[in-house]
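FYI, it's all coordinate maths here, none of it is from the lab. Just so we're clear, the structure is a prediction, and the values are computed from it rather than from any experiment. Ideal geometry is used to build each Cβ from the backbone, glycine not excepted, and the neighbour counts take in all protein chains shown.
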Amino acid sequence: MEFRNIKPDFVTSNLLINCFCQLGHINFAFSVLTRILKRGFNLNAITLTTLIKGLCLKGQIHKALNFHDNVVAQGFQLNQVSYWTLINGLCKVGETSAALQLLRRVDGKLVRPDVVMYTAIIDSMCKDKLVDDAFDLYSEMVAKRIYPDVFTYNALINGFCIVGKLKEAIDLFNKMILDNINPDVYTFNIFVDAFCKEGIVKEANNVFAMMIRKGVKPNVVTYNSLMDGYCLVKQVNKAKGIFNIMAQSGVTLEVRSYSIMINGFCKVNMVDEALILFKEMCCRNIIPNVVTYNSLIDGLGKSGRISHALKLVDEMHDRGLPPDIITYNSIFDALCKNHHVEKAIALLTKVKDEGIQPNMNTYTILIHGLCKVGRVEDARNVFEDLSVKGYNLHVYTYTVMIQGFCNKGLFDEALALLSKMKDNSCIPDAVTYEIIIHSLFRKGENDKAEKFLREMIARGLL
């Protein structure tokens, strides 16, 4: 255009700035801004907001704030969209308090805050679990006659569900209906997911039914949450029913849908059904992910089909899905439970060579496996090595080692470890006490056993 002496106008230049910002070429966008200024065009809020958005998309939120300060100092006017863009950018990078400060700075001085600005901060607060603060901001917004929309309510309802305040979430839902704001699929999905995670699948089903009555079409997230809920309470056949309904309803099955069902079947030892689904998803060109493989490998390992589980680990490598420590922990567990401790140790060496860092579960499985085959001294060495290296030992690791000592008749060592456990502020649970009490009763030391029984009762563990 320029070579042909066609001078780009202000609209053309704005389009070019927007393109560069969307592509992340911020330097090019600012070069166009320089040309605009040289040609004497008057900048408007659209141009400035586009540049602010471009900086925010690149994660350069502080540069966006500095740019805002410079243009305001030069007397340029920004609008509500400009400030929503800045506030949203701050929230996206977790700077919720800075976003709130900007809202306070804007309020009544630069522009009138709107529902979008408030909702962005409320949503960010809820994600940070600052739900009471978010509700206070919502109340402030209503007091200023800035009326909440479905997104505001969804953010708050989700926040209350995240912190387990389901009653407050339901109260807010009822308030939403009274305000004539129609819940959307996201609103219903929040409740379905929250009830399912609490194991109250009946209530989740009631929400699902209400959703249908109100003409809101369930999506893949709704069905996945319901399946997950049924699997959580071990009603896998009902979950499979939902899976089938989902397919018949024309909702596209995704990798997460299959992963939920495969995990559900494996948890109730229905591994063959899980394998059928795994083959089905592959036939449908739905590529399994690490979660899918981990669930199936764990199920195969627990059912003693270790060679099949190991084949799947090789398949993961072939697909370019590197197994993680969760994958290998399932194999370690299967090997140790089947008394193949040496193979587990050899695999652990291989895993370390691959650069995968073992975690506390890995070492706890190994300690348990060594104790099961009577190698308590080796287990003790692993346990003490963890202590020396500064690992944060959890209650299950202590309990496994205490059980190993008790099974070997080393009661003094078991009791000494219990004392050490308490000294390290690791609170014994009911299983820890039960192992010691049963061992003392078997040994005939009833007085000691009764003493621990009383302590257990005093801690509210019985």
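If the limit is 21 Å between Cα atoms, which of 337/443; 420/448; 311/372 go over it? The answer is 337/443; 311/372. About its Cα centre, region 385-462 has a charge dipole of approximately 20 debye under the convention of +1 per Lys or Arg Cβ and -1 per Asp or Glu Cβ, with nothing else charged. Applying 0.36 nm per residue to the separation of residue 342 and residue 46 and subtracting their alpha-carbon distance, the gain on full extension is 99.8 nm.
Kirkwood radius for region 1-110, taken over all pairs of different Cα atoms as the inverse mean of 1/r, rounds to 14.6 Å. Taken over region 36-195, the alpha-carbon convex hull comes to 122 cubic angstrom per residue.
Please give every one of the aspartates and glutamates within straight-line cross-link reach of residue 63, meaning a C-alpha to C-alpha distance under 15 Å, and leave out same-chain neighbours fewer than 8 residues apart. Once the sequence-local aspartates and glutamates are set aside, what remains near residue 63 is 95. Model label sites at residue 392 and residue 1, defined 7 Å from Cα along the beta-carbon direction, differ in position by 5.7 nm. Counted residue by residue at 0.36 nm each, then reduced by the alpha carbon distance between them, the extension gain from residue 209 to residue 34 reaches 57.2 nm. Using 0.36 nm per residue and subtracting the Cα-Cα separation, the extra length available between residue 107 and residue 385 on full extension is 94.2 nm. Note: relative contact order over region 385-462, using C-alpha pairs below 8 Å and six or more positions apart, is 25 percent.
Taking label positions 7 Å along the Cα-Cβ direction at both residue 147 and residue 280, the computed distance is 4.7 nm, reported to one decimal. What you get for region 1-110, charging only the Cβ of Lys and Arg (+1) and of Asp and Glu (-1), is a dipole of about 160 debye around the Cα centre. Between the C-alpha center of region 74-108 and that of region 217-276 there is a gap of 43 Å.
Listed values (1) 21.9; (2) 23.7; (3) 27.4 include one computed from this model; for Kirkwood radius over Cα pairs in Å that value carries the label (3).
Listed cross-link partners 267/422; 214/238; 38/92; 58/129; 302/451 are compared with a 30 Å cut-off, the Cα-Cα value being larger for 267/422; 38/92; 302/451. If you take all other residues with their beta carbon under 12 Å from the beta carbon of residue 269, and give Lys and Arg +1 and Asp and Glu -1, the sum is +1. Around the amide H of residue 110, modelled in the peptide plane, lies no amide H under 5 Å away from a residue 5 or more places distant or on another chain. Of the options 404, 264, 119, report the single residue whose Cα projects farthest towards the positive end of the charge dipole of the chain (beta-carbon charges: Lys, Arg +1; Asp, Glu -1). Comparing the listed Cα positions along the dipole, 119 ranks first. The residue among 68, 164, 276 whose Cα reaches farthest toward the positive pole of the charge dipole of the chain, with charges on the beta-carbon of Lys, Arg, Asp and Glu, is 68. Above 18 Å, the calculated P(r) of region 385-462 contains 37 percent of its Cα-Cα pairs.
Which trypsin sites (Lys or Arg not before Pro) does region 309-389 hold that lie in a coil by DSSP with at most 14 other beta carbons within 10 Å? Answer in residue order: 319, 389. The magnitude of the dipole of the chain, with charges of +1 and -1 set on the Cβ of Lys/Arg and Asp/Glu and taken from the Cα centre, is near 920 debye.
Normalised by the number of residues in the chain, the mean separation of alpha-carbon contacts (under 8 Å, six or more apart) gives a relative contact order of 5 percent.
The string of couplings for region 353-367 from the Karplus curve (6.51, -1.76, 1.60, θ = phi - 60°) is 5, 7, x, 8, 7, x, 10, 4, 4, 4, 5, 5, 4, 5, 4 Hz, one whole number per residue in order, with x for Gly and Pro. Coupling constants for region 235-249 follow from the phi torsions by the Karplus curve (6.51 cos²θ - 1.76 cosθ + 1.60, θ = phi - 60°), and in residue order they are 9, 5, 5, 5, 4, 5, x, 5, 4, 5, 4, 4, 5, 6, 7 Hz; glycine and proline get x. The loop-placed GluC sites (Glu not before Pro) in region 279-364, going by DSSP, that have at most 15 neighbouring Cβ atoms within 10 Å of their Cβ come out as 354.
Each Lys or Arg adds one and each Asp or Glu subtracts one; over the other residues with Cβ under 12 Å from the Cβ of residue 369, this totals +1.
Computed from backbone phi, the HN-Hα couplings of region 396-407 come to 5, 5, 4, 4, 4, 5, 4, 4, x, 4, 5, 5 Hz, rounded to whole numbers (Karplus: 6.51 cos²θ - 1.76 cosθ + 1.60, θ = phi - 60°; Gly and Pro given as x).
The trypsin sites (Lys or Arg not before Pro) of region 30-109 meeting both criteria, a DSSP state outside H, G, I, E and B (loop) and at most 12 other C-beta atoms within 10 angstrom of the site's C-beta, are 39, 109.
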